[in-house]
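Worksheet for the structure shown next.
The values are calculated or read from the model by the stated rules, or taken from the named source; none is laboratory data. Computed from a prediction, not measured in an experiment: that's the story for all the values here. Using ideal geometry, Cβ is built from the backbone for each residue, glycine included, and neighbour counts are taken over all protein chains shown.
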Amino acid sequence: MNRKGFELSFGWLFAILVGAVIIFLAVYMAGKLVSNQNQATNTETGKELGILLSPVETSLESAKLSSITFPRDTKIGNMCSNLGNFGSQKINITSDTGVGGGDDAGIASTFYNKYLFSSTIVDGKTLSVFAKPFEMAYKIADLIFVWSDKESYCFIMPPREIEDELGAMKPKNIYLVDVASKISNCSKSSKKVCFANTNTKCDIQVSMASKAVTKENKTMYFEGALLYGAIFASPSIYECQVKRLMKRNSELALLYAGKADNLGAKGCSSNLQETFVSYANHSIKVNNSRQLKDIQFEAVDIARRNHDLLCQIF
Amino acid sequence: MTYFVKYSRGQMKIQEMAFVLMAIMIFFAMVAMIYISITMNNLKQDAGQLREQEAAEVVRKLSAAPEFTLTSFSKECSSCIDLDKVMALKDRKDYQGFWNLDRLVIKKIYPAGVGECTSINYPNCETITLINKTSNYVSQNAYVSLCHWDPYSGGYIKCEIGQIYAAGRSL
């Protein structure tokens, strides 16, 4: 009987153990490197997207439509914070690179002068970007509405001005239906935006009379271009952006108060300084979209008084 | 008397292996360090480029920003900056981080002025420095019309030629 068997010497055991550790470390490091590279790429893409949103903003135009295409399916995280003087808009990107799992979200890029209205996560390869100025007496900011090629909206019986605007620009994945009974013409996957009827099939209900949009069982109030914001954005994003806009409105009002002071020193008094300061104080206290109506009331009064001035402030 | 230590063959092999392992680890560590330094360098360059790109886009669109644009009387000038508004903006520190810039200067080109604008010498001055956080910068610029309310001849909006200079955040 052969009793000799296979004998593992210390050298062999040592080599196997160390070899296994080296291979494990190499695989782990390779995974980490790929993950870090993905994260860096996503961070850069997030910043680039933010930069690309600048040319989309309007100057003299009443609205602007563009599209941005990514090389592959991408998730854009829209985060809004209302901390600080202006609050902030954060954008982060998670792109499926096909290597290393593809769920390495990039570090969020922060912008203070952008107002993005979209779902919390926009998922798709092509983004439709629609920009409109938001005014309350004067222009406060450009609002940017974003939706992807995977989302579609069906506007049922929109008011004439919306029909004309969207009809002229023909944005991708937005369909207009002019007869309420033809709600069945909307594709099943589209979000149905009803303006004049309260059909149970409607995902989003708009009341132009009370300037309110009901979505996900929450009611948001709007003024001017914020109507689109309430339609396209998640309610939490919308309310946060409204607060940010009111913060900027407050800063702008103080700026105009300063300008009124400067012009007064040059011999062109407007007596609007106190009105601007009071408008700024009221704007910064806005906590939700329901209070927009009061601010709009003040804005109309300021616009009227400014219009009658010899040297207008705005 | 001299003594020689004699290692067994097994001990020699273990020592050899230990040295080889050390050499492998040092080699991998060096490769990793070179890779990380190259990656970091590229990342830094990319970040710098993105910041310059951001500054260029900001400069291009700044004259349309509500804080700068001229809206009173004439509403049809997309590249007109309201200097009266900008002078008020100069006093407001809240805007320092608003555009992600380290330097933002408005300069009058024609007719030429002299010195930094203050409430005393405005509008007969050359530059309005709104942000000045760095001395090491690559600036982007754009030509604009600088407009202000002139009280002479009954009061009118007077526009002059100027430039905006902006530099992105430094690393």
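Which of the residues belonging to region A:143-160 are crowded, with 22+ Cβ neighbours inside 10 Å and among the small types (Gly, Ala, Ser)?
Of everything in region A:143-160, just one residue is crowded, with 22+ Cβ neighbours inside 10 Å and among the small types (Gly, Ala, Ser), namely A:Ser148.
Yes/no per residue for (1) over 27 Å from B:Val59 (Cβ atoms); (2) touching a Pro at 6+ places or on another chain (Cβ under 6 Å); (3) hydrophobic (A, V, I, L, M, F, W, C); (4) part of a strand (DSSP E or B):
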residue: A:Asn78; (1), (2), (3), (4): no, no, no, yes
residue: A:Ile91; (1), (2), (3), (4): no, no, yes, yes
residue: A:Gly106; (1), (2), (3), (4): no, no, no, no
residue: A:Asn113; (1), (2), (3), (4): no, no, no, no
residue: A:Asp123; (1), (2), (3), (4): yes, no, no, yes
residue: A:Phe134; (1), (2), (3), (4): no, no, yes, yes
residue: A:Leu143; (1), (2), (3), (4): no, no, yes, yes
residue: A:Val146; (1), (2), (3), (4): no, no, yes, yes
residue: A:Ile162; (1), (2), (3), (4): yes, no, yes, no
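Which pairs turn up if I take residues in region B:145-161 that are of a type in the set (Val, Ile, Thr) and look for partners that are part of a loop (DSSP other than H, G, I, E, B) with beta carbon separation below 7 Å, at least 6 apart in sequence or on another chain?
Close Cβ pairs (under 7 Å, with a partner that is part of a loop (DSSP other than H, G, I, E, B)) amount to B:Ile157/B:Phe73; B:Ile157/B:Ser74.
When you look at A:Arg290, is it away from every other protein chain (no Cβ under 14 Å), part of a helix (DSSP H, G or I), basic (Lys, Arg) and without any contact (Cβ under 8 Å) to a residue 12 or more places away in the chain, yes or no? First the steps, then the outcome.
Details: away from every other protein chain (no Cβ under 14 Å): yes; part of a helix (DSSP H, G or I): yes; basic (Lys, Arg): yes; without any contact (Cβ under 8 Å) to a residue 12 or more places away in the chain: no.
Here the answer is no, as A:Arg290 does not meet what is asked.
Quick test of your reading of the structure: B:Val138 fulfils all but one of (1) free of Cβ contacts under 8 Å to residues at least 40 places away in the same chain; (2) farther than 19 Å from A:Ala253 by Cα; (3) surrounded by fewer than 17 Cβ atoms within 10 Å (Cβ to Cβ). Name the failing condition by number.
(1)
Taking only pairs six or more apart or across chains, which ones have beta-carbon atoms under 6 Å, a first residue in region A:263-282 that is away from chain B (no Cβ under 12 Å), and a second residue that is surrounded by fewer than 18 Cβ atoms within 10 Å (Cβ to Cβ)?
What qualifies is A:Tyr279/A:Glu298.
Out of A:Thr74, A:Thr69, A:Thr58, A:Thr43, report the one residue that is touching a Gly at 6+ places or on another chain (Cβ under 6 Å) and either β-branched (Val, Ile, Thr) or within 11 Å of chain B (Cβ to nearest Cβ) (or both).
Exactly one of A:Thr74, A:Thr69, A:Thr58, A:Thr43 is touching a Gly at 6+ places or on another chain (Cβ under 6 Å) and either β-branched (Val, Ile, Thr) or within 11 Å of chain B (Cβ to nearest Cβ) (or both), namely A:Thr43.
Does region B:64-76 include one or more residues that are of a type outside the set (A, V, I, L, M, F, W, C), at pLDDT 90 or above and not in a loop (DSSP other than H, G, I, E, B)?
Yes, there is a match, as at least one residue in region B:64-76 is of a type outside the set (A, V, I, L, M, F, W, C), at pLDDT 90 or above and not in a loop (DSSP other than H, G, I, E, B).
Give the residues of region B:156-168 that are surrounded by 15 or more Cβ atoms within 10 Å (Cβ to Cβ) and within 11 Å of chain A (Cβ to nearest Cβ), sorted by residue number.
Matches in region B:156-168: B:Ile157, B:Gly168.
Among the residues in region B:121-135, are any over 19 Å from the mean Cα position of the chain (by Cα) and aliphatic (A, V, I, L, M)?
No, the conditions are met nowhere in region B:121-135.
If B:Ile14 satisfies every condition in (1) in contact (Cβ under 8 Å) with a residue 12 or more places away in the chain; (2) facing chain A (nearest Cβ under 7 Å) but one, which is the exception?
Going through the list (1) in contact (Cβ under 8 Å) with a residue 12 or more places away in the chain; (2) facing chain A (nearest Cβ under 7 Å), B:Ile14 breaks only (1).
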